[in-house]
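Novice: Pasting a structure here, questions to come.
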Amino acid sequence: MIKQLTAFARELLIYRSALVGIIIITSLILLSLYAVITVPYEEIVRKWNSIEIWEDFPRNAMPSWINIFTHRKLPETIILDSRRKELGINKTIITIASGKYILRILFTFNYIYDDFPSEIILRLYSNTTKQTTTQITWIKPGEIEYILGRKLLRGYESYYVSSDEEFLKKFNANLISKLGSKPNYDLSVNIALFAKEDPSILSRDTVEVSKGEYRVIVDALIGEEDLGRAQVDAKLVVYGKVYGVAGTDHRRRDLALALIWGAPIALAFGLVASITITFAQMFIAAISAWYGKSLDFVIQRITEIFMVLPFLPILLMISYFYKITIWTLLAVVILLSIFGSGVKNYRAMFLQIKEIPYIEAAIAYGTSSLRIVFRYMIPKILPTIIPTIVLSVPDFVFLEAVLALLGVGDPRAVTWGRVLEDAAREAALYKGYYYWILEPSILLLLTALGFALLGLTLDKILNPRLREM
Amino acid sequence: MKTILNIKDLYLYYRVRAGLVKAVDGVSLDLYNDESLAVLGESGSGKSSFARAILRLLPKNVYRFEGSIYIDGEDVMKLSDDEFNDRIRWSKISMVPQASMNALNPVIKIGEQLAEPLVIHRNMNKSDALERAREMLKFVGIPQEFVDRYPFELSGGMRQRVVIAMALITQPSIVILDEPTSALDVLTQANIMNLLKKIKIDRKVSYVFITHDIALSSEISDRIAVMYAGQIVEYNYADKFYKEPQHPYSQLLLSSVPTLREDKKIKFIPGEPPSLLSPPPGCRFHPRCPYAMDICRREEPPILYMDGHSYVRCWLYAKR
């Protein structure tokens with residue numbers, strides 16, 4: 001048995017296409033194994049659909065490796081959190097008068113990228129219920145200082161620096177007095193806080209990043225009674241424009257997560273659907289051909305009914321009436337397909353096989369019908385079935401993606417199809433987020449290619465009529 | 001002597017789109033214990049249908065299946081299909097099917113396949129059945145370790161032996177051999193024939209040997225039945241038959257056998273075997289018969305007994 005298998009593998013590997021197919025499928029399987037072993041799928045679904053987990057991730061960021069190929073380096077995300085002891089974070093207490101203190105948080109960071117950040121958010125945390133007065137100062141390279149705002153802090157507050165219109169007004173007025181004119185475009189806070197303040201800032205085409213050391217100071221005024229008790233903390237997030245290996249989507253989620261955990265789902269969906277449907281069809285066809293008469297009639301009429309039923313509309317209808325998960329979707333797909341056209345094809349094959357001498361001989365020595373079906377008829381067509389199974393896996397992987405794109409099935413599921421659906425809904429191509437569409441598409445195509453290469457080669461080997469001379 | 005197989009007025013008609021195929025049309029014969037019978041006939045004369053009718057292996061389009069068949073004194077036509085399968089088929093009468101080189105399932109090992117009739121008909125457990133299968137393989141001259149081989153690893157002759165072993169494993173008293181050597185070369189054929197002879201003596205089985213090969217039929221048969229268009233036209237003792245065939249068809253058949261040394265012109269029978277769909281009226285052989293008379297064209301000849309059990313269906317012998 002093992003000897004036969006190795007001989008078969010050797011024959012298979014003569015074909016380079018099979019080798020490529022096997023490499024692709026093996027890497028997908030390894031990726032899937034890594035995924036399901038490290039974090040269970042349920043946890044990924046919970047993580048994928050939460051909002052808090054992703055709040056420090058940039059929105060619609062491209063993959064980081066883009067920077068290798070471009071001249072203009074896009075910014076990475078910079079996160080500075082005063083609750084952590086890190087370089088560039090400094091927390092001090094300054095006495096200004098008797099009984100009055102300032103808790104000063106100083107963030108220092110180097111900004112060396114060629115593009116402006118996508119967003120800036122400062123989150124402030126305090127543990128007192130009393131109001132605390134805070135003041136935020138932004139210092140650009142060259143000691144250009146701006147007071148961003150004074151906030152009355154109670155508990156938690158998030159300060160969306162990027163949308164501070166008041167600061168923008170002050171900044172524009174300042175520019176007019178300094179350079180004599182206003183910029184000819186809508187200057188955003190992100191640009192204002194990071195641009196070089198010379199005439200280049202006046203035009204969108206020439207505006208440049210002022211590279212160097214930036215400092216952000218958060219001052220909180222606290223009374224003597226709170227000294228030692230009051231905790232004021234801040235987290236500065238300067239969102240970049242690139243993230244990770246796969247980038248992020250409109251909800252700041254790391255696409256790599258969906259792409260990795262989508263692999264086991266795609267493989268499981270494709271393999272389970274393909275194997276179950278093919279074997280079920282084969283079994284039904286064998287029963288139909290073997291018993292004949294009225295059973296054959298009934299099975300063939302049912303098959304014809306199922307063949308004319310519109311597959312997609314029924315699936316859509318079911319998904320609108322019932323809340324279905326990806327696994328119930330799989331079950332529905334299988335149920336709708338087991339009486340498919342395969343039943344007709346396999347029945348035609350079985351009708352021929354039925355007349356083979358060894359089956360007549362088996363009838364003669366009284367072998368039971370079920371044994372004839374399972375041990376005599378089905379093994380005879382297995383060689384032609386195996387390539388069919390392998391070749392139809394991508395059909396079902398694609399089907400899952402198509403259904404997700406049509407909005408069928410579990411909206412919380414983490415699949416390649418869901419990523420595509422999000423991208424399509426957010427008009428990713430129109431907005432230029434090509435990576436968002438291309439990444440899941442390439443994975444889908446690779447899967448299809450892997451199974452197609454292997455399936456076609458298996459077909460050549462197992463159906464020798466097709467073998468090349 | 002005891003009759004082991006007694007068939008009277010057996011009919012087997014098939015319905016096809018063009019009409020009725022009268023494959024077996026009123027066949028009667030007796031076969032005694034320890035005797036073997038050869039059923040001779042051209043292709044399409046109904047001899048395979050006759051074999052299948054005895055074993056009740058009927059296709060779905062059977063139109064008429066009647067007559068009486070006694071196997072070992074038991075009227076098997078009264079049995080239901082299940083009873084027949086349980087008590088008669090393979091227990092009392094088994095078969096080496098046509099094209100038997102292909103009669104083995106390529107995905108089941110020889111041993112398991114050989115043991116299958118025992119598991120089905122003798123309710124044996126698998127290991128005992130396999131043990132019997134080994135003995136049987138040895139008996140037909142195949143090394144015992146072949147139980148673990150698959151059919152494709154065996155030569156044609158070996159596969160034929162396995163199929164013969166399979167027919168014998170339940171120790172039936174009658175074995176129907178449906179052209180068992182037709183696909184084999186002459187040497188293998190000789191080998192198999194010798195095996196069959198040995199089995200006949202050792203195991204005391206009766207053969208019903210279906211063949212179109214007159215030379216082979218002379219090897220192991222005590223009785224000859226010549227089939228023509230669904231009927232037995234002559235039923236005779238083998239030694240008498242070869243010396244002095246009675247029916248004109250038998251005579252022509254024997255003279256059409258090529259001989260090795262003699263420079264004899266091989267005769268052939270003019271015309272074609274009649275269609276079983278619409279056999280000619282009267283005697284079915286009359287269009288090809290050199291002695292055809294008026295009555296042959298009008299009336300079907302009766303069965304004319306020559307002595308106790310031999311008979312001929314020919315008007316030539318009626319007037320005597």
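Taken together, the values in this text are just the output of simple stated rules run on the coordinates, not laboratory data. Just so you know, these numbers come straight off a predicted model, no measurement behind them. FYI the Cβ positions are ideal-geometry reconstructions off the backbone, even for glycines, and counts take in every protein chain you see.
Novice: For region B:1-113, what are the per-bin percents of Cα-Cα distances with bins 5 Å wide, up to the bin holding the maximum?
Specialist: 2, 10, 18, 22, 20, 14, 9, 4, 1, 0
Novice: Partner chain Cβ atoms within 10 Å, averaged over the residues of B:113-120 - can you pull that number for me?
Specialist: If you average over the peptide's residues, the count of other-chain Cβ atoms is 3.
Novice: If you project the alpha carbons of region B:163-320 onto their three principal axes, what span does each projection cover, largest first, in Å?
Specialist: In descending order, the Cα extents are 51, 38, 32 Å.
Novice: Taking the beta-carbon count within 10 Å as an exposure proxy, list A:Phe321, A:Phe451, A:Phe283 from fewest neighbours to most.
Specialist: Ordered by Cβ neighbours within 10 Å, fewest first: A:Phe321, A:Phe283, A:Phe451.
Novice: With N set to the number of residues, divide the alpha-carbon radius of gyration of region A:72-239 by 2.2 N^0.38 Å and report two decimals. Please report the intermediate quantities before stating the final value.
Specialist: Working: Rg = 16.9 Å, N = 168, 2.2 N^0.38 = 15.4 Å.
Cα Rg divided by the expected 2.2 N^0.38 Å: 1.10.
Novice: How much length is gained if the chain between B:Glu83 and B:Phe152 is pulled fully straight, taking 0.36 nm per residue apart and subtracting their Cα-Cα distance, in nm to one decimal?
Specialist: Residue separation times 0.36 nm, minus the Cα-Cα distance, leaves 21.4 nm.
Novice: For the pair A:Leu382/A:His71, report the inter-label distance in nm, with labels modelled 7 Å from Cα in the Cβ direction.
Specialist: Between A:Leu382 and A:His71, the label points sit 6.3 nm apart.
Novice: How crowded by other chains is B:93-100, given as the mean number of beta carbons from other chains within 10 Å of each beta carbon?
Specialist: Working: counts 0, 2, 4, 2, 8, 3, 5, 3.
For this peptide, the per-residue mean of nearby foreign Cβ atoms is 3.
Novice: Still on this model: Using the alpha carbons of region A:93-151, what is the convex hull volume per residue in cubic angstrom, as a whole number?
Specialist: 130 Å³
Novice: Using the Cα atoms of region A:289-362 to build a convex hull, what is its mean projected area in square nanometres?
Specialist: Projected area, direction-averaged: 6.4 nm².
Novice: Another one. Across region B:51-65, in residue order, what do the Karplus-derived ³J(HN,Hα) couplings come to in whole Hz, using 6.51 cos²θ - 1.76 cosθ + 1.60 with θ = phi - 60° and x for Gly and Pro?
Specialist: In residue order, the calculated couplings are 4, 5, 5, 4, 8, 6, 9, 9, x, 6, 9, 5, 9, 9, 9 Hz.
Novice: Among the listed pairs B:Lys197/B:Lys267; A:Lys178/A:Lys241; B:Lys22/B:Lys198; B:Lys126/B:Lys197; B:Lys47/B:Lys204, which are separated by more than 27 Å between their Cα atoms? Please list the in-between numbers first.
Specialist: Details: B:Lys197/B:Lys267 30 Å; A:Lys178/A:Lys241 30 Å; B:Lys22/B:Lys198 36 Å; B:Lys126/B:Lys197 30 Å; B:Lys47/B:Lys204 24 Å.
Too far apart for the 27 Å limit: B:Lys197/B:Lys267; A:Lys178/A:Lys241; B:Lys22/B:Lys198; B:Lys126/B:Lys197.
Novice: For region A:388-404, in order, what is each residue's ³J(HN,Hα) by Karplus, 6.51 cos²θ - 1.76 cosθ + 1.60 with θ = phi - 60°, in whole Hz (x at glycine and Pro)?
Specialist: 4, 4, 4, 6, 8, 4, x, 3, 7, 4, 5, 4, 4, 5, 4, 5, 4
Novice: Only counting other Cβ atoms within 10 Å, I'd like B:Ile4, A:Ile437 sorted with the fewest neighbours first.
Specialist: With the fewest neighbours first, B:Ile4, A:Ile437 line up as A:Ile437, B:Ile4.
Novice: How large is the helix-only mean residue ellipticity at 222 nm for chain B, computed as the sum of -39500 (n - 2.57) over DSSP H runs with n ≥ 4, divided by its residue count, in deg cm²/dmol to the nearest 500?
Specialist: -8500 deg cm²/dmol
Novice: According to the square roots a ≥ b ≥ c of the eigenvalues of the Cα gyration tensor, what is the shape class of chain B, taking rounded for a/c under 1.5, prolate for a/b larger than b/c otherwise, and oblate for the remainder?
Specialist: On the way: a/c = 1.97, a/b = 1.56, b/c = 1.26.
Prolate.
Novice: Tell me the label-point distance for the pair B:Asn33, B:Arg64, using the 7 Å Cα-to-Cβ offset, in nm and rounded to one decimal.
Specialist: Each label point lies 7 Å from its Cα, and together they span 3.6 nm.
Novice: Could you tell me the relative contact order of region A:72-239? Use alpha-carbon pairs under 8 Å, at least six residues apart, and round to a whole percent. Please list the in-between numbers first.
Specialist: Values: 344 pairs, mean separation 64.1, N = 168.
Once divided by the residue count of region A:72-239, the mean separation gives 38 percent.
Novice: For region A:418-465, take the convex hull of the Cα atoms, compute a quarter of its surface area, and give me that in nm², please.
Specialist: The number I arrive at for region A:418-465 is 4.1 nm².
Novice: Summarise the long-distance tail of P(r) for region B:142-248 by giving the % of C-alpha pairs beyond 25 Å.
Specialist: Of the Cα pairs, 28 percent sit more than 25 Å apart.
Novice: When only alpha-carbon atoms count, how far does the protein assembly as shown stretch along each of its three principal axes, as whole angstroms with the largest first?
Specialist: Answer, in whole Å and largest first: 152, 52, 51 Å.
Novice: Of all chymotrypsin sites (Phe, Trp or Tyr not before Pro) in region A:21-128, which ones are in loop regions per DSSP and have a Cβ with at most 14 other Cβ atoms within 10 Å? Write out the running numbers ahead of the final one.
Specialist: Values: sites: A:Tyr34, A:Tyr41, A:Trp48, A:Trp54, A:Trp65, A:Phe69, A:Tyr101, A:Phe107, A:Phe109, A:Tyr111, A:Tyr113, A:Tyr125; in loops: A:Trp65, A:Tyr113.
Passing both the DSSP loop test and the Cβ count: A:Trp65.
Novice: Taking neighbour counts of Cβ atoms within 10 Å as a proxy for exposure, in what order, fewest first, do A:Asp205, A:Asp219 appear?
Specialist: A:Asp205, A:Asp219
Novice: Hey, rough spin-label estimate for A:Glu165 and A:Gln4, points 7 angstrom out along Cα→Cβ, what's it come to in nanometres?
Specialist: Roughly 7.8 nm, to one decimal.
Novice: Next question. Find the all-direction average of the projected area of the Cα convex hull for chain A, expressing the result in square nanometres with one decimal place.
Specialist: 33.1 nm²
Novice: Suppose we flag chymotrypsin sites (Phe, Trp or Tyr not before Pro) only when DSSP calls them loop and at most 13 other Cβ atoms lie within 10 Å. Which is the longest uninterrupted stretch of chain B?
Specialist: Between the exposed loop sites, the longest stretch runs B:1-267.
Novice: A further question follows. Might you list the cysteines of the protein assembly as shown that have no disulfide-compatible partner by the rule of another cysteine's Cβ under 4.7 Å?
Specialist: Within the protein assembly as shown, the cysteines lacking a partner Cβ under 4.7 Å are B:Cys289, B:Cys314.
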